[in-house]
1. Most mobile of 52, 64, 44 per a Gaussian network model of the chain (Cα springs, under 10 Å)?
2. Just going by the charge dipole of the chain, with Lys and Arg at +1 and Asp and Glu at -1 on Cβ, which of 41, 120, 7 is farthest out on the positive end?
3. Positive end of the dipole of segment 2-146, charges at C-beta (+1 Lys, Arg; -1 Asp, Glu), about the Cα centre: which of 69, 25, 103 has its Cα farthest in that direction?
4. Evaluate E = 1/(1 + (r/R0)^6) for residue 96 and residue 52, where r is the Cβ-Cβ distance and R0 equals 30 Å; express this FRET efficiency to the nearest 0.05.
5. Just tell me which lysines come within less than 16 Å, Cα to Cα, of residue 4; anything on the same chain fewer than 8 places away is out.
6. Just 25, 125, 112 to compare: in a GNM of the chain, with alpha carbon springs under 10 Å, which one fluctuates most?
7. Return the Cα extents of segment 2-146 along principal axes one, two and three, sorted largest first, each rounded to a whole Å.
8. What percent of all Cα-Cα pairs in segment 1-77 falls into each 10 Å bin, going from 0 up to the bin containing the maximum distance?
Amino acid sequence: MNGKWLALFIVSYIVAISLNFFPSMKFPDVSVNGFHFLATSIFLIGLSIYILKGIKSVRDIHRLRLFSLVGVLSGFIIYVFHIVERFGAGSFSGDIIAFFQYPFYFIFTTPMFGGNFLFQVDYGMYALFTSFIYLIFFLWVRTKMEY
């Protein structure tokens, strides 16, 4: 039973990353539309269903807490690096800083980038928005741990 909810979460994550990849890398040159918003919504619903029905052990809770916590931290890391990158753009140090944010951006911000359909902000600010969404999920999983 647990495997089916985990599979739903993983499939929704992969669908959200694959559909939001191009707009998240090319924004604002490529616009985000309702289709991308739908992919993000499917990911958030898949994650919510996994939290509600798929968590059966303390190990699952710890893994999901770690995923959510790294999601929170990644949003802040991307935002801070985006600010620093603006001041150091074109320099070697600016490029090195930008290089470190890409894995965090791809893993945690790209699946939720369809939500930028509502805000239309730059990627640094949107990564900060996603960190708050991951914070909500982190707190939700943390409350499940108390039961």
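1. 52
2. It is 7, whose Cα lies furthest towards the positive end.
3. My answer, from the dipole projection, is 69.
4. With R0 = 30 Å, the Cβ-Cβ based efficiency is 0.15.
5. Result set, ordered by chain and number: 53, 56.
6. 25
7. Extents along the principal axes: 49, 30, 21 Å.
8. 18, 41, 31, 9, 1
Computed from the coordinates by the stated procedures, all read-outs in this text should not be read as laboratory data. Remember, predicted model here, so these are calculated numbers, not experimental data. Here the Cβ is made from the backbone with ideal geometry for all residues, glycine too, and neighbour counts use every protein chain on show.
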